[in-house]
Amino acid sequence: MSTSSSFARLPGFRDFPPAEFALRAHVIEAWRRVARRYGFEEYDGPPLEPLDLYTEKSGDEIVGQLYNFVDKGDRPVSLRPEMTPSLARILAERSRALPKPIRFQWNVDIVGEEGTGADVDVLAVAIDGLRELGLKQEDFRARVSDRRLLGAVLGAAGVPDDRMAATFAVVDKVERESRDRILDRLVQEVGLADGVAATILSLLESPGLDPVRDRFGDRDDVGQQIAVLDAYMADMDALGMGGFVEFDLTIVRGLAYYTGIVFELFDRKGELRAICGGGRYDRLLELVGGEALPAVGFGMGDVVLGELLKERDLTSEYRRSVDYFVVPVTPRERPIALRVAAGLRAKGHSALYPLKPQSVRRQLKSAGSEGARWVVMLGPDEVGRGEAIVRDMESGSEDTVALGTLLDP
């Protein structure tokens, strides 16, 4: 005999009862509105992808982080953990026939544009998406860096090329580990000299672009990347979003396919995980067999964002609602009640009626629990005169209307 515990939700998956689904729908609709203002088009892909779509860009170590298995066709597959590789696969088949730049939404991606204008637009739509939901500058910030600049700075500090990837991995964890642990990892694991490790840590602990500029700005490779970020920041200022943006050299985005400017959005209090993250990934399409097209984008989920909206009291209390509840006073009025409900639905209204015979009192109670805006009362005398009584459930006022106005589409 099965018990209810036998059918518990699988770990890592979510249920969406009406209240939670309503919040997610509210978020998604806000995203859609903003994305359309920026000219992005919606797309989707399958929930399962070939496993090598992820190992190709991130190495075999990524497998331990995936929900993967061998399907009935003896193919290694994975539940899709993110959308960007799927987009790359989709574009590998179709990009040559599409006008450039290509704009896809939430994920938000711009493909086919290598200038920082695309990077700016992608971050702008992320910021506007949160503003559309009621969040303000005091609620969240965008922390921006550039992997090209970080590489140039690390090189200037004395990191050899063959230890660059390992150093990136340590920098990516700088906020999750102690200062002593970071220094130990840079020296013991990466193999850097004590002075080099100390220089790197001092730069990571100094916010803003100016310390980097002061220390290494006279070097051509560093200066060139600083100029790119200066132009980027100037554009964000011109869009009126500069106050949301902070330069932070510790933002690395651990996924290996990122190649340039990267960013993550966080709540200002620093109490939550990243709301979203993304950046430039100029070689990913080529890795999965497509054109060598530049690309930049981000992904945003609803979990952390939903927590932030609740903390800021930006979610409305969930209430059931329906336009009309149709009440047949006796069983004889049931056929006309169904016709009235059908007529109201044909006009674009939502309409309910009792699914089995009930007292008028019980039906009115159901109308209230369903959040009905109006109740249509169909009594024998009213129906005999070709009329119905429509009650406004907010004011309690009632009007007599002709049945034909409810029935005609």
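The values are calculated or read from the model by the stated rules, or taken from the named source; none is laboratory data. In this text, all values refer to a predicted model and were calculated from it rather than measured experimentally. Glycine gets a Cβ as well: all are built from the backbone with ideal geometry, and neighbour counts include every protein chain shown. Heavy atoms of the whole protein, side chains included, go into the accessibility calculation; ligands, DNA and RNA do not. Shrake-Rupley method; radii C 1.70, N 1.55, O 1.52, S 1.80 Å.
Quick notes on this structure:
- Near Leu51, the amide H atoms lying under 5 Å from its own belong to Val77, Ser78; only residues 5 or more places off or on other chains count, and H is placed 1.01 Å from N.
- Packing-based order for 289-298, 263-272, using average beta carbon neighbours within 10 Å, highest first: 289-298, 263-272
- Every Cα-Cα pair in the range 106-252 was counted, and those over 26 Å apart are 32% of them.
- Tail fraction, Cα-Cα pairs, the range 73-155, threshold 19 Å, whole percent: 59
- Residues whose amide H falls under 5 Å from that of Ala295, counting only those 5 or more places apart or on a different chain, are Gly112, Tyr281, Asp282, with hydrogens built in the peptide plane.
- Calculated FRET value between Ala274 and Asp214, using beta carbons and R₀ = 45 Å, to 0.05: 0.95
- Bridges between two residues of the chain, per DSSP, are antiparallel at a rate of about 75%.
- In order along the range 209-219, phi translates into HN-Hα couplings of 7, 4, x, 5, 4, 5, 7, 10, x, 7, 7 Hz, rounded to whole numbers, per the Karplus curve 6.51 cos²θ - 1.76 cosθ + 1.60 with θ = phi - 60° and x for Gly and Pro.
- For the range 296-409, relative contact order (Cα pairs under 8 Å, six or more residues apart, normalised by length) works out to 27 percent.
- With both residues required to sit in the range 326-409, DSSP beta bridges show an antiparallel share near 75%.
- Mean Cβ neighbour count within 10 Å, used as a protection proxy, ranking 132-144, 352-364 highest first: 132-144, 352-364
- Lysine pair count for the chain [Cα-Cα under 23 Å; pairs on different chains or 8 or more apart]: 6
- Accessible surface for the chain, divided over its residues, is 52 Å² per residue with a 1.4 Å probe.
- For the range 123-130, backbone phi angles converted through the Karplus equation (6.51, -1.76, 1.60; θ = phi - 60°) give residue-by-residue couplings of 5, 4, 5, 5, 5, 5, x, 6 Hz, Gly and Pro being listed as x.
- Sulfur and carbon atoms: percent of accessible area, the chain [1.4 Å]: 49
- Normalised contact order of the chain, rounded percent, pairs of Cα under 8 Å and 6 or more residues apart: 16
- Correct option for Cα Rg over 2.2 N^0.38 Å [calculated from the coordinates] among (1) 1.03; (2) 1.33; (3) 0.97: (2)
- Difference of contour (0.36 nm per residue) and Cα-Cα distance, Ala198 to Ala231: 8.9 nm
- Working note: Karplus 6.51/-1.76/1.60 with θ = phi - 60° gives the range 139-152 the couplings 9, 8, 9, 9, 9, 10, 9, 9, 5, 5, 5, 4, x, 5 Hz, where Gly and Pro are set to x.
- Alpha-carbon Rg with Dmax, taken over the range 186-257, Å: 14.6, 45
- For Asp248, the residues whose amide H sits under 5 Å from its own are Val144, Ser145, ignoring neighbours fewer than 5 places away on the same chain, with H placed 1.01 Å from N.
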